[in-house]
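The values are calculated or read from the model by the stated rules, or taken from the named source; none is laboratory data. Just so you know, these numbers come straight off a predicted model, no measurement behind them. Glycine also receives a Cβ, built like all others from the backbone with ideal geometry; neighbour counts cover every protein chain displayed. The protein model used for the area step is the full one, side chains on, heavy atoms only, and it has no ligands, DNA or RNA in it. Shrake-Rupley method; radii C 1.70, N 1.55, O 1.52, S 1.80 Å.
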Amino acid sequence: MTVSDPVVEAVVATVGRSATEIRRGLVGRRGAADGENPSGETQAEADVWADDLLAERLSSIDGIGQYASEERAEPLGCGADPGTDSSSYAVAVDPLDGSSNLQSNNAMGTIFGVYDAALPARGETLVAAGYVLYGPITTMVVATEETVTEYELTGGERTVVERDLAFPVEPTVYGFGGRVPDWPDDFRGYAREIEDELKLRYGGAMIGDVNQVLAYGGIFGYPGLESRPEGKLRLQFEGNPIGYVVERAGGRSSDGERSLLSVEADELHQRTPVYVGNAELIDRLESTLESGD
Ligand code: AHM
Ligand code: MG
């Protein structure tokens, strides 16, 4: 099943084909690279390598005017400016989400968002978003204006495993990032309630954790912390694309007050608290944070 917009289809096909190579290329690249990313985090060799590979391929697609990633300070201009040319899109990528899991050999992902605007941009300008999950099987979830589809990836080919992916009605699992003593009191109160209702599943890679929430129903969150109120995850590369996928699948996303897709984008690497999951759980979270209980 292909995506109807040819530029989006080219992005999806490129990420899908590259994923098999990225997975193979992780062997021997688990160590730290010399530099830090623009968020001040240590980069793994694999982060830098996957970014270079995706930059080269995605920036050569006709109709892509900007390539931006968590691993590079500025967007790469590679065609007509998506801010002024309506036939040009920008693509934002987290080449290896959860790359600290390389050390322990746990799940990781690749995230992408296709924006009909110059970056940084609000999530409302996304025309498609998705992610690859490097689990026991390599899968890809793609959300467009029309639908959400899950594929299995083998040898560069993508095979549909689920059409019209939708949130399970009954929530089952939850995962919250950050250390409990660093959580603000109101979020801690909410988390205590959730602990009594759902089962903990947290693996340290947002894509692995969000994919479980999509499969079983529930909530994933990386809250604003006492030590860092803006949280850890980045709006352009993580919050927006995942918010788009979750909302297209019938769930809700939030920064604690509003949909992630309506958060104002001021800086390319800006961070945001991220909450995604079944709508009623996100509604409840927003009411709790609003009342400060
Ligand atoms: P990364 O994209 O640089 O690897 O960082 C983001 C990751 C997310 O995948 C995950 O939700 C979070 O960081 C885990 O952080 P923590 O180790 O604080 O639980
Ligand atoms: Mg990430």
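The table for this structure:
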quantity: Of the criteria (1) open to solvent by less than 40 Å² (accessible area, probe 1.4 Å); (2) on the phi > 0 side of the Ramachandran plot, which one residue 89 fails; calculated: (2)
quantity: Pair list, Cβ < 7 Å and 6+ apart or interchain, from region 99-127 residues that are closer than 15 Å to residue 48 by Cα to residues that are open to solvent by 30 Å² or more (accessible area, probe 1.4 Å) and away from ligand 2 (no atom under 12 Å from the Cβ); calculated: 102/30
quantity: Candidate set from region 156-171 (those that are among the acidic types (Asp, Glu) and outside any loop (DSSP other than H, G, I, E, B)); member that is nearest to residue 215 (Cα to Cα); calculated: 162
quantity: Which numbered condition residue 237 misses (of (1) within 23 Å of residue 170 (Cα to Cα); (2) within 12 Å of ligand 1 (Cβ to nearest atom); (3) of a type in the set (Phe, Trp, Tyr)); calculated: (1)
quantity: Condition met for residue 285 (open to solvent by less than 20 Å² (accessible area, probe 1.4 Å) and either not in a loop (DSSP other than H, G, I, E, B) or not assigned by TED's automatic domain parsing to the domain that holds residue 74 (or both)); calculated: yes
quantity: Residue count for region 30-69, restricted to those that are among the charged types (D, E, K, R), touching a residue at least 24 places away in the same chain (Cβ under 8 Å) and part of a loop (DSSP other than H, G, I, E, B); calculated: 2
quantity: Leading residue by the ranking (farthest from ligand 2 (Cβ to nearest atom)) among those in region 174-189 that are assigned to a helix (DSSP H, G or I) and open to solvent by 40 Å² or more (accessible area, probe 1.4 Å); calculated: 185
quantity: Tally, over region 92-121, of residues that are away from ligand 1 (no atom under 16 Å from the Cβ) and over 20 Å from residue 148 (Cα atoms); calculated: 5
quantity: Index of the failed condition, residue 121 passing every other in (1) touching a Phe, Trp or Tyr at 6+ places or on another chain (Cβ under 8 Å); (2) not in a loop (DSSP other than H, G, I, E, B); calculated: (2)
quantity: Residue among 10, 90, 50, 107 that is more than 20 Å from residue 242 (Cβ to Cβ) and of a type in the set (Gly, Ala, Ser); calculated: 10
quantity: Test: residue in region 27-44 that is within 15 Å of ligand 2 (Cβ to nearest atom) and among the hydrophobic types (A, V, I, L, M, F, W, C); calculated: yes
quantity: Region 139-173, subset under 19 Å from residue 93 (Cα atoms) and in contact with a Phe, Trp or Tyr (Cβ under 9 Å, 6 or more places away or on another chain), residue surrounded by the most Cβ atoms within 10 Å (Cβ to Cβ); calculated: 142
quantity: Residue 225 being open to solvent by less than 30 Å² (accessible area, probe 1.4 Å), aliphatic (A, V, I, L, M) and within 16 Å of ligand 2 (Cβ to nearest atom); calculated: no
quantity: Residue in region 42-52 that is open to solvent by less than 10 Å² (accessible area, probe 1.4 Å), away from ligand 1 (no atom under 16 Å from the Cβ) and in the same structural domain as residue 121 (by TED's automatic domain parsing) present; calculated: no
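Residue by residue, here is whether (1) under 17 Å from residue 107 (Cα atoms); (2) without any contact (Cβ under 8 Å) to a residue 12 or more places away in the chain; (3) not assigned by TED's automatic domain parsing to the domain that holds residue 247 holds:
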residue	(1), (2), (3)
135	yes, no, yes
138	yes, no, yes
147	no, no, yes
184	no, no, no
187	no, no, no
196	no, yes, no
203	yes, no, no
210	yes, no, no
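Residues are listed down the side, and each one gets a yes or a no for (1) in the same structural domain as residue 268 (by TED's automatic domain parsing); (2) more than 16 Å from ligand 2 (Cβ to nearest atom); (3) open to solvent by 20 Å² or more (accessible area, probe 1.4 Å); (4) on the phi < 0 side of the Ramachandran plot:
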| position | (1), (2), (3), (4) |
| --- | --- |
| 100 | no, no, yes, yes |
| 105 | no, yes, yes, no |
| 114 | no, yes, no, yes |
| 121 | no, yes, no, yes |
| 127 | no, yes, yes, yes |
